[in-house]
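Here the structure is laid out as structure tokens; the discussion comes afterwards.
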Amino acid sequence: MPYPPPRTPSGPRRRTLFASAAGAALLVGCSADPGPGDSGDSPSATERARARAAKDGAGLLERYDAVLAAHPALAERLRPLRAEVAAHTEAFGGTAATKSPSPTATGSPSPAASTATPQAVPATEKGALADLAAAERALADRRTKALLDVPGELARLMASVAASGAAHAYLLTEGAK
């Protein structure tokens, strides 16, 4: 008796995402890493790339905070992803939570209390998830393109964070279905 054909899932498989991340890390790992005395990439260019990555991560955190404020029912699902984005932002030298400048604040810092302009959030949960997925995907693409312009250690970090962002986009997209 022949076996039934296996069911093929739609979208990229988890192994494909991990394999592409590992491939990107290997490609980056094989590049020459100029030492501190070499005339390779200037430290200022590296620091600018790191600062840009931290700023992009902070912007993504603001998007997560706006969605969490507009759709509290998504909190259980989004908090682990937001926590990873916060860790990535800190890895690039940014700050993960917006701290209140008021000295009278006694509680923990509120991530939703941002001084920046509020993010526009779609009215539906499905739309908000799709918007977050698009933001994660766009940031992962920008970080992947930036890999060619930064030295080894920062490039490896960016590759890892870009792969994580692609996985976040996939998880947010799959959950919106």
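Accessible area per residue (1.4 Å probe, heavy atoms of protein chains only) ranks TYR170, TYR64, TYR3 as TYR3, TYR170, TYR64, with the largest value leading.
Projecting label points 7 angstrom from Cα along Cα→Cβ for ALA134 and ARG48 puts them 3.0 nm apart. In the assembled protein chains, ARG77 presents an accessible area of approximately 90 Å² (probe radius 1.4 Å).
3J(HN,Hα) along segment 64-80, derived from phi through the Karplus expression 6.51 cos²θ - 1.76 cosθ + 1.60 where θ = phi - 60°, amounts to 4, 4, 5, 5, 5, 6, 7, 10, x, 5, 8, 4, 4, 7, 8, 4, x Hz, with x in place of Gly and Pro.
The values are calculated or read from the model by the stated rules, or taken from the named source; none is laboratory data. This one's a predicted model, so the numbers in the text were calculated from it and none came from an experiment. A quick note on method: Cβ atoms are made from the backbone with ideal geometry, for glycine too, and the neighbour counts reach across all protein chains shown. Side chains included, ligands, DNA and RNA excluded: accessible areas come from the protein's heavy atoms. Shrake-Rupley method; radii C 1.70, N 1.55, O 1.52, S 1.80 Å.
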